[in-house]
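What follows is a short report on a single structure.
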Amino acid sequence: MSTSTSKENLAPKETLVMEHLVSLTYSEELTPVLERYVDALIDGRIVGHKCPSCSRVYVPGKGYCPICVVPTTEADEIEVSDHGTLTGFTIITPVAYYGQTETEPFVYASVLLDGSDSNLGGQEIVGVPHDQLRSGMRVRAVWKAKSDRSAAGVSNRGWGSVSSVIDAFEPSGEPDMDRAKYEEHIF
């Protein structure tokens, strides 16, 4: 005699649908590497880590070189410029959806800061018509007032957002960067 029940004999389960909007907020302490990164940002400086093996500079520092797989420490911190090169960009035309705050087209770009070997992604570019944007364009940070700077947006799981201290990047007026100097940073 079999005691197993076949699926055909089971009553269907009720489906529960929740019709309420739920919001969760996570709070976590930053690693010591990111704490120093944020402190420098609030002070108006951008700090990365220079690998002791290959000399690549990562902004923000990760506490290790992802290529050489060697640790980096506070002794490997190096300040980089707030000027850089636009390596790639996307012009976003907002589509209306719940919570959308942007109504006009805007740009998200990757910026390779002078002295860094890693791009800052998701940067807004202002002060130039969208049809004049180009890879290789030289840009500079537009810093928020010191009293408005914070650690918001920087997390241990992210890439060290600078949007809480830098409003956007704008053309610096410098000549475009030679493509050979930034092409390995295009993606």
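The values are calculated or read from the model by the stated rules, or taken from the named source; none is laboratory data. What you see is a predicted model; the values in this text were computed from it and never measured. Here the Cβ positions follow ideal geometry from the backbone for every residue, glycine too, while neighbour counts run over all protein chains shown. To get the accessible areas, we keep the full protein, side chains included, count just its heavy atoms, and leave off ligands, DNA and RNA. Shrake-Rupley method; radii C 1.70, N 1.55, O 1.52, S 1.80 Å.
Could you figure out which of (1) hydrophobic (A, V, I, L, M, F, W, C); (2) surrounded by fewer than 16 Cβ atoms within 10 Å (Cβ to Cβ); (3) modelled with pLDDT of 95 or more; (4) under 20 Å from Phe106 (Cβ atoms) isn't true of Ala145?
So the condition that Ala145 fails would be (4).
Take region 161-178 and flag every residue that is assigned to a loop (DSSP other than H, G, I, E, B), closer than 24 Å to Tyr37 by Cα and open to solvent by 60 Å² or more (accessible area, probe 1.4 Å).
Of everything in region 161-178, just one residue is assigned to a loop (DSSP other than H, G, I, E, B), closer than 24 Å to Tyr37 by Cα and open to solvent by 60 Å² or more (accessible area, probe 1.4 Å), namely Ser163.
Hey, which of the strands (runs of 3 or more DSSP E) in region 26-102, taking only ones fully inside, have at least 2 residues that are hydroxyl-bearing (Ser, Thr, Tyr) and at negative phi? Even if it seems obvious, please write down each step before you answer.
Details: elements: 46-50, 77-80, 83-92.
Once the strands (runs of 3 or more DSSP E) in region 26-102 are filtered for at least 2 residues that are hydroxyl-bearing (Ser, Thr, Tyr) and at negative phi, what remains is 83-92.
Which ones in region 105-137 are small (Gly, Ala, Ser) and part of a loop (DSSP other than H, G, I, E, B)?
Residues of region 105-137 small (Gly, Ala, Ser): 109-110, 115-116, 118, 121-122, 127, 135-136.
Across region 105-137, the qualifying residues are Gly115, Ser116, Ser118, Gly127, Ser135, Gly136.
With Glu102, Glu79, Glu74 as the choices, which residue is in contact with a Pro (Cβ under 6 Å, 6 or more places away or on another chain), closer than 24 Å to Val165 by Cβ and open to solvent by 60 Å² or more (accessible area, probe 1.4 Å)?
Numbers: Glu79 fails: in contact with a Pro (Cβ under 6 Å, 6 or more places away or on another chain); Glu74 fails: in contact with a Pro (Cβ under 6 Å, 6 or more places away or on another chain).
Among Glu102, Glu79, Glu74, only Glu102 is in contact with a Pro (Cβ under 6 Å, 6 or more places away or on another chain), closer than 24 Å to Val165 by Cβ and open to solvent by 60 Å² or more (accessible area, probe 1.4 Å).
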